[in-house]
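Just so it is clear, none of the values below were taken in a lab; they were calculated from the coordinates. This is a predicted model, so every value here is computed, not measured. Quick reminder, even Gly has a Cβ in these numbers, built from the backbone with ideal geometry, and neighbours come from all protein chains shown.
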Amino acid sequence: MAQKYTRPATAAKTTTTDNEQVNFLYDKSNYTILGISVLIVAIGFVIMTGTTDIYSTAKIVIAPIVVLAGFGLGFYALLKKPSTKADDKA
C-alpha cells in the first residue's frame with residue numbers, strides 16, 4: 001500500500017523582513033584575508049613558472065614556501081572567528 005504525503009502543520013518561514021538581522025558566517029576581515037591568501041598563492045605559482053634554469057633556488061625553494069604560506073593564511077582566514085560587537089549582545 002502506498003503512503004500518502006501529508007504537509008506539516010506549519011509552513012517553514014523562508015523570507016526575512018526588514019527588522020530581522022542576518023548574521024553571516026564570516027566577517028569582512030575574513031574575506032579580505034582570504035583574498036590576500038589567494039593572491040599570495042597565485043604569486044607563488046607565477047614564481048614557479050618559466051623555462052629557464054629549472055633547478056633555480058627561486059623555483060624549488062622559495063616558490064613552494066610562498067604557496068604554502070598562502071594556503072596557511074587561507075586556512076587561518078577560514079578558521080578565524082568573526083569579531084563580536086556590542087550590538088550583537090543586545
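Using C-alpha pairs under 8 Å with a sequence gap of at least 6, the mean separation divided by the residue count of region 28-80 gives a relative contact order of 53 percent. Cβ crowding within 10 Å, taken as a proxy for footprinting-reagent exposure, orders Val66, Val46, Val38, Val22 from fewest neighbours to most as Val22, Val46, Val38, Val66.
With θ taken as phi - 60° and the Karplus curve 6.51 cos²θ - 1.76 cosθ + 1.60 applied, the whole-hertz 3J(HN,Hα) list for region 56-73 is 6, 4, 5, 7, 9, 10, 5, 4, x, 5, 5, 5, 5, 5, x, 5, x, 5 Hz, x standing for glycine and proline.
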